[in-house]
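**Student:** I have a structure here, written as structure tokens, and I will follow up with some questions on it.
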Amino acid sequence: MKCFRFVRAFLVAAMMLGAPALSLAQQQPPKAPEGFVPVDQVPGQEELPAKPLVAAAYGVAWLAVLIYVFSIWKRLNAVEREMADIARRIEAGGRR
Amino acid sequence: MTFLATAARVARKDLLVESRSREVVYTSLLFAISCMLVFAFGLVKEGRVVTDATAAILWITIAFAGTLALGRIFDRERQNETLRALLLAPASRAAIYVGKLVGVLTLLLLVEAIVVPLVMVMFGATLFRHPAFMLGILLAGSLGYAAVGTLFAAMLARSRSRAALLPVLLYPITVPVIIGGVRGTAALLQPEADLVVARAWLTMLVAFDAVFITLCLWTFEPAMTE
Amino acid sequence: MDFTSVTFSDVTRNFGRRRALSGVSFSVEAGQLAALLGANGSGKSTLLSIASTLLAATTGIVLYGTATAAAGGPALRNRIGLLGHDLYLYSELTAEENLRFFAELYGLDGVQRRVSDALRASALEDRANDPVSSFSRGMRQRLALERALLHSPRLVLLDEPFTGLDDSSAIALRARLARVRATGAIVLLTTHELEAIDTIVDAAYVLSRGRCMPLAPGAGSLRDRYRRQVQA
Amino acid sequence: MSIPNAKLQTPRSGSRKPETASRRPEVGSLSLFPLLLLIAMGMFAYAPFMILNAPYEATMGLVQKIFYFHVGAAIAMFVAAFTCGIASAIFLFGRRPGADRVAFAAAEITVMLGLIVLISGPLWARKAWGVWWQWDARLTSTLVMWLVFQSYLLLRRFGGPGSEKLSAAVGLFGSALVPFVYWSVNLWRTVHPTTNVVPTLAPSMRGPFLWCVLAFLFLFVLLMTLRVELEKRRTRLDDLYLALED
């Protein structure tokens, strides 16, 4: 199933957190003075850095799309190869 | 008229077959009780059942037992390929669907007739303080579940690995029934029964039934011709 | 609706990458009994399923008289009787209940008369109230045949009706088929028991890997002709 | 439909020419593809700059930037899901094999986009709500939807021959289900920022947001053309196999 491939993709993304979005994080302007006010005041929340989260989100999106396109491309190639093979077999059969 | 007559005949035949073997009712009933037992281990704390868990236990049990019954009822039609004989009859296909649906629903309600009192006794729930609402939710929920279930079980009857695919297909599609059943029942089980909420859920269930039975009637004919 | 012939023109049926039937063309008239011969998996059952309207052809047309299956609908199904290899009987129900259920489902008049006629024809009058699960293969086969003939269909389709029958049952079945043919029905059957149908068959077709060919005329029994053709 | 006098008395052996044999693998129906690819790639390449330049949302800060991709993917996902539902209905009631190919492609893309939505959502929620997951209407209905289309794919893979009709029913029911799941979960509880987030977006955020939505819609069209083409070639491959049998 495609999903397994995506799950794998997610794990990869989690590991290399943020290659595509790293630049985004680096250019981060100084934080707004008031910071963020979470909806729920869960203790310890402020320490949670936003960067890896954003990076992971963008990384996953990019990776999922890329892997999906790659998988279609691979499947297209496989079908193409099979088609060429069959066409050859038909021609060979026709000449016989 | 002939539509209803055909449906009634198919349903009566199913119930006659079941009255001979009683296999579906016995197995799904026993399975339902086993389910309740398993849930009790997880959801009963210090002799008391967790808040709202009773409603969940009731509906999940119904859903699980329903899947078992659906699978078996259509296995039976497959055994001697009688499903093909039904489809070959000059009756409207939709009528045959309705007949199967009535048969499935009757068996499901029969199982519920024992499971519901059991839940009341074993989890100390007073389900029928508002009998009209409770019966309405039970009936509308079971109808919606059986309607979608009958369609998919019938279509899966000739498919490979149908035993595994039926629950996988059925549970996501019947999510509204489960939510509606559980939340509606939970609203009725509160110390002060929340009738406004229960009515909202009943409305949702009835709307679900209306839309999905219509869709099933449309879909059955084209989906059953190979 | 009614019809007096069934015509297959260039009927092809694919299952994914497998071609079950390939360009099958022939026609059978009322009062004829046609046999489909061929090895297992040659497409005989697929052809019967298509003739019964349960399966649609991928390409090609099947005409019942002048109507297609799509145009015929329930009225057409009312004129078709199919005895499948799986017999289409509810084993939990008794012989009589099976017949009665299908008679009612077909909306027939005189249900009681038809049911008792069918029980007599299948020689199961004394077992009428026994469940089908207690029947032998031969008894089931007889009952299933009568079930398929309950509504006196124009087109009678039989998938391996002689399989599992002893000699006397086979003789009885042959006589029954001859009677059905005499009423003006179109009988189309598949079989491996060529001797059993030798005397009643009007036309025979050989299916091989989805292709259909008429059995060549010639000397000898049906079996001899079939063997000659297959080996050729 | 009746064809009078279409009698074929003489049985023919029926030797059909393998008409598919002459067909060669070709790239004909993908002529628009490079253009689409260029546009979509351009849009996606520019998207990060737009998002970067968008102002910081006062309460959520940086993490709010997930929103652009998250909502874009979600909108595209629902478009894909409804495409699958409509195509499934056309296949069921109109018996067009082409509609089945579109439905299959759309179902796969729904699952793919759903994965993006379902992963980026929790990443945002962890920061904004303090939890990874909330059982609110939008999250739950997205999850249910994703499951339905996942089961569509499962059916396609393991259902065996003849499962096209069955999966079409799943696609149709899956799309009809959305309002009900939404309604029921909404009745149950709601914490997700409501729909009015979009109209009340600051003007400076609206630009990047619309840009991302458009980019995802373009991506959807792009992937659809690719995926449908794959399915078309598979059909052609099946034809070739059939021709080989003849």
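Here, each number is a calculation from the coordinates, and none is a lab measurement. A quick note: this is a predicted structure, and the numbers were derived from the prediction, not measured. When we count neighbours, we look across all protein chains shown, and the Cβ atoms used for this are built from the backbone with ideal geometry, even at glycine.
**Student:** Given the DSSP H assignment, sum -39500 (n - 2.57) over each helix run of at least 4 residues in the protein assembly as shown and divide by its residue total; what's the result at 222 nm in deg cm²/dmol, nearest 500?
**Tutor:** Computed ellipticity for the protein assembly as shown at 222 nm equals -22000 deg cm²/dmol.
**Student:** Taking loop as defined by DSSP and a crowding limit of 15 other beta carbons within 10 Å, which trypsin sites (Lys or Arg not before Pro) in segment C:151-222 fit?
**Tutor:** Hits after loop and neighbour filter: C:Arg209.
**Student:** Tell me, what are the semi-axes, in whole angstrom and largest first, of the equivalent ellipsoid of segment C:1-43 as set by the roots of 5 times the Cα gyration tensor eigenvalues?
**Tutor:** 24, 14, 8
**Student:** Evaluate the Kirkwood expression for the hydrodynamic radius of segment C:101-220, namely the inverse of the mean inverse distance over all pairs of different C-alpha atoms, and round to one decimal in Å.
**Tutor:** One decimal place: 15.8 Å for the Kirkwood radius.
**Student:** With a ≥ b ≥ c the root eigenvalues of the C-alpha gyration tensor of segment C:45-86, is it rounded (a/c under 1.5), prolate (a/b larger than b/c) or oblate?
**Tutor:** Oblate, since a/c reaches 1.5 and b/c is not below a/b.
**Student:** If every alpha-carbon in segment D:122-185 counts as one equal scatterer, what log10 I(q)/I(0) does Debye give at q = 0.24, 0.29, 0.30 1/Å?
**Tutor:** So the normalised log intensities are -0.92, -1.10, -1.13.
**Student:** Under 4 °C and 1.567 mPa s, how fast does chain C diffuse according to Stokes-Einstein, given a Kirkwood radius computed over C-alpha pairs? Answer in µm²/s, whole number.
**Tutor:** Rounded to a whole number, D works out at 71 µm²/s.
**Student:** When the dipole is taken about the Cα centre of segment D:66-236, and only Lys, Arg (+1) and Asp, Glu (-1) are charged at their Cβ, what size is it in debye, to the nearest 20?
**Tutor:** 320
**Student:** With just the Cα atoms of segment B:121-220, tell me how far they stretch along each of the three principal axes, in Å, largest first.
**Tutor:** 48, 30, 17
**Student:** Could you tell me which chymotrypsin sites (Phe, Trp or Tyr not before Pro) in segment B:7-62 are loop residues by DSSP with no more than 13 other beta carbons within 10 angstrom of their beta carbon?
**Tutor:** none
**Student:** Further question: Take every residue in peptide C:84-97, count the Cβ atoms of other chains within 10 Å of its Cβ, and give the average of those counts.
**Tutor:** Taking all residues of C:84-97 together, the mean is 5.
**Student:** Among B:Val102, D:Ser175, C:Thr190, which residue has its Cα positioned farthest towards the positive end of the charge dipole of the protein assembly as shown, with +1 placed on the Cβ of Lys and Arg, -1 on the Cβ of Asp and Glu, and the dipole taken about the Cα centre?
**Tutor:** C:Thr190
**Student:** Translational diffusion coefficient of segment D:66-236 at 20 °C, 1.002 mPa s, Stokes-Einstein with Kirkwood Rh over Cα pairs, in µm²/s as a whole number.
**Tutor:** Taking Rh from Cα pairs, D becomes 128 µm²/s.
**Student:** Round to a whole angstrom and tell me the spacing of the C-alpha centers of segment D:110-132 and segment A:45-88.
**Tutor:** 18
**Student:** If each Cα of the protein assembly as shown is one equal point scatterer, what is log10 of I(q)/I(0) from the Debye formula at q = 0.05 Å⁻¹?
**Tutor:** Evaluating at q = 0.05 Å⁻¹ gives log10 I(q)/I(0) of -0.34.
**Student:** Need one number: the % of Cα-Cα pairs in chain B sitting beyond the 22 Å mark.
**Tutor:** Summing the P(r) of chain B above 22 Å gives 51 percent of all pairs.
**Student:** Give me the net charge for the shell around B:Leu205: Cβ to Cβ below 14 angstrom, other residues only, Lys and Arg +1, Asp and Glu -1.
**Tutor:** Around B:Leu205, the surrounding residues sum to +1.
**Student:** Students often get this wrong: which residues of segment B:157-198 have the backbone nitrogen under 18 Å from the point 7 angstrom along Cα-to-C-beta of B:Arg129?
**Tutor:** Taking a point 7 Å out along Cα→Cβ of B:Arg129, the residues of segment B:157-198 whose backbone N falls under 18 Å are B:182-198.
**Student:** May I ask you to list, by number, the DSSP H helices of chain B whose Cα span along the axis is at least 20 Å and whose average Kyte-Doolittle hydropathy reaches -0.5 or more?
**Tutor:** The qualifying helices are B:2-21, B:23-43, B:53-79, B:93-122, B:131-156, B:175-189, B:195-224.
**Student:** Determine by what factor the alpha-carbon radius of gyration of segment B:147-195 differs from 2.2 N^0.38 Å, reporting the quotient.
**Tutor:** Ratio of Rg to 2.2 N^0.38 Å for segment B:147-195: 1.60.
**Student:** So for the pair C:Ala39, A:Asn77, with labels modelled 7 Å out along Cα→Cβ, what separation do we get in nm?
**Tutor:** It works out to 4.0 nm between the two label points.
**Student:** When only alpha-carbon atoms are used, what values of Rg and Dmax, in angstrom, describe segment B:85-177?
**Tutor:** 16.0, 51
**Student:** In addition: Would you please put B:10-20, B:170-180 in order of how densely packed they are, using the mean number of other Cβ atoms within 10 angstrom per residue and starting with the highest?
**Tutor:** Ranking, from highest mean packing down: B:170-180, B:10-20.
**Student:** Size of segment C:91-152 along its principal axes in angstrom, Cα-based, largest extent first?
**Tutor:** Here the spans come out as 30, 20, 18 Å, largest first.
**Student:** Any chance you could check the Cα centroid distance between segment B:150-180 and segment C:211-232 for me, in angstrom?
**Tutor:** The two parts, judged by their Cα centres, are 49 Å apart.
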